[in-house]
Amino acid sequence: MMRKTFLAAALVSAFGAASAAELGALTVYSNVGEPLEAKLEVRDVNPKVEPLLVRLAPASVYQRVGKDSKVSTRDLTLELESKSPYVVRINGRNPISAKEFPLIVELSEAGRISAKLYTVQLREGASAPKADKAALERS
């Protein structure tokens, strides 16, 4: 069962137009002890507006809002998966031992910057498809 995390708070908003892009749902596929694997939806993207940038907030933003990042964002990478719908894949390189941690994502659309705080919740226990694949490889 996929776990979805939703917006916990709007942190920064600057002159947003009615048709401005916005950060949507974050879907997490990882278990505790695995590298982060998640997808982030960006809604209302106007393909004519450039540049559109999605990035992880720096440590100073976490400090400013009083959140302690239990996960190093330097370990995480963002990659555009699709433009219709606009989906960004977030992947980690190292296993995460925390069951829950804050993740702040920033969106910059033509100079307008917004950010959202997500509470990432990882499942406990191994995922069946990965365990089944490993078992087949040992056979």
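The values are calculated or read from the model by the stated rules, or taken from the named source; none is laboratory data. Since this is a predicted model, take the numbers as computed values, not measurements. Cβ sites come from the backbone with ideal geometry, for glycine too, and all protein chains shown count toward neighbours. Quick note on the areas: whole protein, heavy atoms, side chains included, nothing else; ligands and nucleic acids left out. Shrake-Rupley method; radii C 1.70, N 1.55, O 1.52, S 1.80 Å.
Against the list (1) more than 21 Å from residue 20 (Cβ to Cβ); (2) without any contact (Cβ under 8 Å) to a residue 60 or more places away in the chain; (3) not in a strand (DSSP E or B), the condition residue 47 fails is (1). The single condition among (1) in a loop (DSSP other than H, G, I, E, B); (2) at pLDDT below 90; (3) closer than 29 Å to residue 125 by Cα that residue 15 does not meet is (3). Taken over segment 16-31, the criterion of being within 17 Å of the chain's Cα centre (by Cα) and open to solvent by less than 50 Å² (accessible area, probe 1.4 Å) is satisfied by 21, 23, 24, 25, 26, 27, 28, 30, 31. Sub-6 Å Cβ pairs linking a first residue in segment 112-125 that is farther than 19 Å from residue 46 by Cα and in contact (Cβ under 8 Å) with a residue 40 or more places away in the chain to a second residue that is of a type in the set (A, V, I, L, M) and open to solvent by 30 Å² or more (accessible area, probe 1.4 Å), at least 6 apart or interchain, are 116/7; 117/8; 117/9; 117/11; 119/8; 122/32; 124/32, ordered by first then second residue. Filtering segment 50-85 to residues that are of a type in the set (Ser, Thr, Tyr) and either more than 13 Å from the chain's Cα centre (by Cα) or not in a strand (DSSP E or B) (or both) leaves 60, 62, 69, 72, 73, 82, 84. Screening 60, 108, 72, 84 for residues that are of a type in the set (Gly, Ala, Ser), surrounded by fewer than 17 Cβ atoms within 10 Å (Cβ to Cβ) and closer than 15 Å to residue 24 by Cβ leaves exactly one candidate, 84. Applying the condition of being assigned to a strand (DSSP E or B) and over 22 Å from residue 79 (Cβ atoms) to segment 103-120 and asking which residue is nearest to the chain's Cα centre (by Cα) yields 119.
Considering every residue within segment 88-102, establish whether at least one is closer than 18 Å to residue 21 by Cβ, within 16 Å of the chain's Cα centre (by Cα) and open to solvent by 30 Å² or more (accessible area, probe 1.4 Å). The answer is yes; a qualifying residue exists.
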